[in-house]
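Q: Here it is, the structure in full.
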Amino acid sequence: MTTQPRLVEVRQKVLKQNDLLARSLRQRFRAAGVRVVSLVSSPGAGKTTLLEKLLTRLREEERRVAALVGDLATENDAARLARSLAPVRQITTGTVCHLEAAMVESALDGWRLEELDVLFIENVGNLVCPAGFDLGEAHKVAILSVTEGDDKPLKYPDAFAAASAMVLSKIDLLPHLDFDVERCIAHAHAINPDLAVLQVSARSGEGMTRWVEWLIEASGMAARAERTAHCHA
């Protein structure tokens, strides 16, 4: 009879400890002038491919970016992201189905955050647990591929309620699917009316420019570049 209350108590304690550390991380990120953007999605939504393309493009535009990537096992995703030539570190969680603030703090050891504009955190493929764990990020981005159901926002509302943007990925496949884009967006906006929606294909490149523009604006990279140029003038 006492099992469920005990589990609730333990979970609340874990979340409280995580939130305290996340608050400290957020202050640390702000002091360093780096914006942190975390990516959440179901497995197979294409977030690693999208992040690799994104890191490569931002580096080509001389943006200072890096990434932490979480997974249950292997360092395969970190190896893929490293092809962008951005600094990348893998966080292997073992049996834990999400990243926690303590994992992020440990992975940052030795990095000079003030030398970065944006730090991306790719969470473990899961739309449930990651929604409840604050990592000190400035923005969460929920990635939903069009190969999934267009009712996903209704099934996993916490992930979309916590997000600043929803990226609809793999849109090059839309002609072959029954995915209803407008219905999906309506579901997402019913949960989070302020959610930005970006439609992207990593394969064709469609929508990537708009996503980069959104990230530059959301992370304040444009304003920092302008201040730097002014200081050097």
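Laboratory data are not the source of any read-out in this text; all were calculated from the coordinates shown. The structure presented is a predicted model; accordingly, all values stated were derived computationally and were not measured. When we count neighbours, we look across all protein chains shown, and the Cβ atoms used for this are built from the backbone with ideal geometry, even at glycine.
Q: Among 12, 66, 160, which residue has its Cα positioned farthest towards the positive end of the charge dipole of the chain, with +1 placed on the Cβ of Lys and Arg, -1 on the Cβ of Asp and Glu, and the dipole taken about the Cα centre?
A: Looking along the dipole axis, the top candidate is 12.
Q: Another question, if that's okay. Give the cross-link partners of residue 53 among the lysines, using a straight C-alpha distance below 16 Å as the criterion and excluding same-chain residues fewer than 8 apart.
A: Cross-link targets: 170.
Q: Hey, another quick one. Select from region 1-106 those trypsin sites (Lys or Arg not before Pro) which occupy a DSSP coil region and have at most 14 other Cβ atoms within 10 Å, ordered by residue number.
A: 83
Q: Right, another one. Which Cα, out of 96, 211, 141, lies furthest along the positive dipole direction of region 3-232 (beta carbon charges, K/R +1, D/E -1)?
A: 96
Q: Sticking with this one: How much net charge surrounds residue 89 when only the other residues with a Cβ under 10 Å from the Cβ of residue 89 are counted, with Lys and Arg +1 and Asp and Glu -1?
A: Summing Lys and Arg as +1 and Asp and Glu as -1 gives -2.
Q: To the nearest 500 deg cm²/dmol, what mean residue ellipticity at 222 nm is calculated for the chain from DSSP H runs of n ≥ 4 alone, each contributing -39,500 (n - 2.57), summed and divided by the residues?
A: When only DSSP H runs of four or more count, the value is -13500 deg cm²/dmol.
Q: Any idea what the dipole of the chain comes to, in debye rounded to 20, about its Cα centre with Lys/Arg Cβ at +1 and Asp/Glu Cβ at -1?
A: For the chain, the charge dipole is close to 540 debye.
Q: Stretch residue 15-residue 177 to full length: gain in nm at 0.36 nm per residue minus the Cα-Cα span?
A: 54.4 nm
Q: Straight-line reach from residue 140: which aspartates and glutamates have a Cα under 17 Å away, not including same-chain ones fewer than 8 places off?
A: 19, 100, 117, 122, 158, 194, 213, 217
Q: Note down the relative contact order for the chain as a percent, whole number, built from C-alpha pairs under 8 angstrom at least six residues apart.
A: After rounding, I find 22 percent.
Q: Another question, if that's okay. Between residue 24 and residue 97, 0.36 nm times their residue separation minus their Cα-Cα distance comes to what?
A: Roughly 24.0 nm would be gained on extension.
Q: Return the FRET efficiency for the residue pair residue 111, residue 73: r is the Cβ-Cβ distance, R0 is 30 Å, and the value is rounded to the nearest 0.05.
A: The calculated FRET efficiency here is 0.80.
Q: Under the classification rounded if a/c is under 1.5, otherwise prolate if a/b is larger than b/c and oblate if not, where does the chain fall, given a ≥ b ≥ c as square roots of the Cα gyration tensor eigenvalues?
A: oblate
Q: Now for a separate question. If you filter region 30-61 for GluC sites (Glu not before Pro), then keep DSSP loop positions with at most 15 other Cβ within 10 Å, what is left?
A: Loop-located and lightly packed - 61.
Q: Run the numbers for residue 186 and residue 61: contour at 0.36 nm per residue of separation, minus the present Cα-Cα distance, in nm.
A: 41.6 nm
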